[in-house]
Each structure stands twice: as structure tokens, then as C-alpha cells.
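In what follows, a single structure is set out as C-alpha cells and then discussed.
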Amino acid sequence: MQSVIQKPIDGLFKLMEFLIVACMLAMVVMVFGNVVLRYGFNSGIDVSDELSRYCFIWLTYLGSMVAMREHGHLGVDTVVKRLGLGGKKACLFLSELLMLGCNVMLFVGTYEMHPLQASNVSPVLGMSMIWVYSVGYVVGTVMAVMNLRVLWRILSGKIREDELVQVIETEGLADTEKQLKDSNA
């Protein structure tokens, strides 16, 4: 059952990674092309400024979802990793609950702004701005589901102890601490 559910989820995140790369590539082509056109030919493409900005917005939010799944967000684990099992669970529970609250606010805020953004059009393209800001629906939903999953795993006791510290303060710090332990042993 787990692999049946996991395959579509993995596919969704692969699609997100592809969209991140596509947005980055589109931004580079549009901005570089516009710079060349402006300096070399004293002209430019008006839509490239607007589209590159919209790509950047989507790239940022899609990247935050991928980073959350891979536990790649910044964090400080100095105190949490020194706590006992109960303390680690409590900190992770509180952290996930706060993030869930933020994701709910993001979704609700997008919903409340929907009528305004749907009637607001972009200056150059003339498209409804809800196409840009609807990313709040996607991010709020996907990240809230991830938060709920972790909360459920904590409450049901299915979370492993090595999963209780979700971030690593510094990548090199773990290696340094391991070397120090090995040299002291």
C-alpha cells in the first residue's frame, strides 16, 4: 500500500523539480535575452520582465515544498539534539503545529484575496493575477498535508528517533562532531 501511494507522490515532486528547472531556465533566457536586446539593439521584449518575475515567484514556492520534503530548510538543532526522546517529540510536534498554522493562514489568505487577484490583471500580459498568486493554494495544501503526516506519525508513535531532528544546523558540523568523537575514543 505504501509504495502505491509513494509512487504518485514521488512523481509529483519530480514534476515540481522539473518545473523549478524550467522556471529557472526561462528566467535566464528571458532576462539575458532582454539585456542583449537592450544593450545591443536598443530594444527589448516587454513581457520578459513580467514573465521572469512570475517564474521567480513560482520557483520560490515550488522550491520551498521540495526543500520541506527533503528536510532542507534552515534550522537550528543545537538544543533539540541534546534533548531526550520526549523533548525531541514535543519540539517537533510544536514545530509542525506552528508550520501547519502558517500553511493554513497562507491558504486562507490566498482564498480571501482570490476575488481581488482574479479581477486584477497584469500590466503587460493582461492575464488575471490569480494565475500568479494561486501558488498559495498549492503550497498551503501540499505543505499542510506534509505537516499533518508528521503530526500523525508523532501521535501514533510511528516516527523513528532519528527523524525527530528534522534539520541539521550545518552540514559540516555533523562531520566535525563525528571526527571529535572518533578522536576522543
task = Return the residue satisfying two criteria in turn: it lies in region 1-26 and is aliphatic (A, V, I, L, M) and more than 19 Å from the chain's Cα centre (by Cα), and of such residues it is surrounded by the most Cβ atoms within 10 Å (Cβ to Cβ).
result = ALA26
ask   = Does THR78 satisfy being exposed (fewer than 12 other Cβ atoms within 10 Å of the Cβ) and either in contact with a Gly (Cβ under 6 Å, 6 or more places away or on another chain) or among the polar types (S, T, N, Q) (or both)?
value = yes
ask   = Mind checking which residues of region 51-110 are polar (S, T, N, Q), touching a residue at least 24 places away in the same chain (Cβ under 8 Å) and part of a helix (DSSP H, G or I)?
value = SER52, SER64, SER95, ASN103, THR110
task = Could you identify the single residue in LEU125, LEU164, LEU148 that is closer than 22 Å to LEU59 by Cα and either modelled with pLDDT of 80 or more or under 24 Å from the mean Cα position of the chain (by Cα) (or both)?
result = LEU125
message = Filter region 28-50 down to the residues that are part of a helix (DSSP H, G or I), surrounded by fewer than 18 Cβ atoms within 10 Å (Cβ to Cβ) and free of Cβ contacts under 8 Å to residues at least 60 places away in the same chain and list them by number.
response = VAL28, VAL29, VAL31, PHE32, GLY33, VAL35, VAL36, LEU37, ARG38, TYR39, GLY40, PHE41
In region 58-75, residue farthest from TYR133 (Cα to Cα) [restricted to those that are among the hydrophobic types (A, V, I, L, M, F, W, C) and surrounded by 15 or more Cβ atoms within 10 Å (Cβ to Cβ)] = MET68
ask   = Is it fair to say VAL79 is within 18 Å of MET68 (Cα to Cα) and of a type in the set (A, V, I, L, M)?
value = no
task = For residues that are surrounded by fewer than 13 Cβ atoms within 10 Å (Cβ to Cβ) and over 28 Å from TRP152 (Cα atoms), scanning just region 94-120, find the one that is nearest to the chain's Cα centre (by Cα).
result = GLU112
note = Matching residues in region 121-150 (under 26 Å from GLY44 (Cβ atoms) and either part of a helix (DSSP H, G or I) or free of Cβ contacts under 8 Å to residues at least 60 places away in the same chain (or both)) number 8
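The values are calculated or read from the model by the stated rules, or taken from the named source; none is laboratory data. What you are looking at is a predicted structure, and each value in this text was computed from that prediction instead of being measured. With ideal geometry, Cβ positions are generated from the backbone for all residues, glycine too; neighbour counts draw on all protein chains shown.
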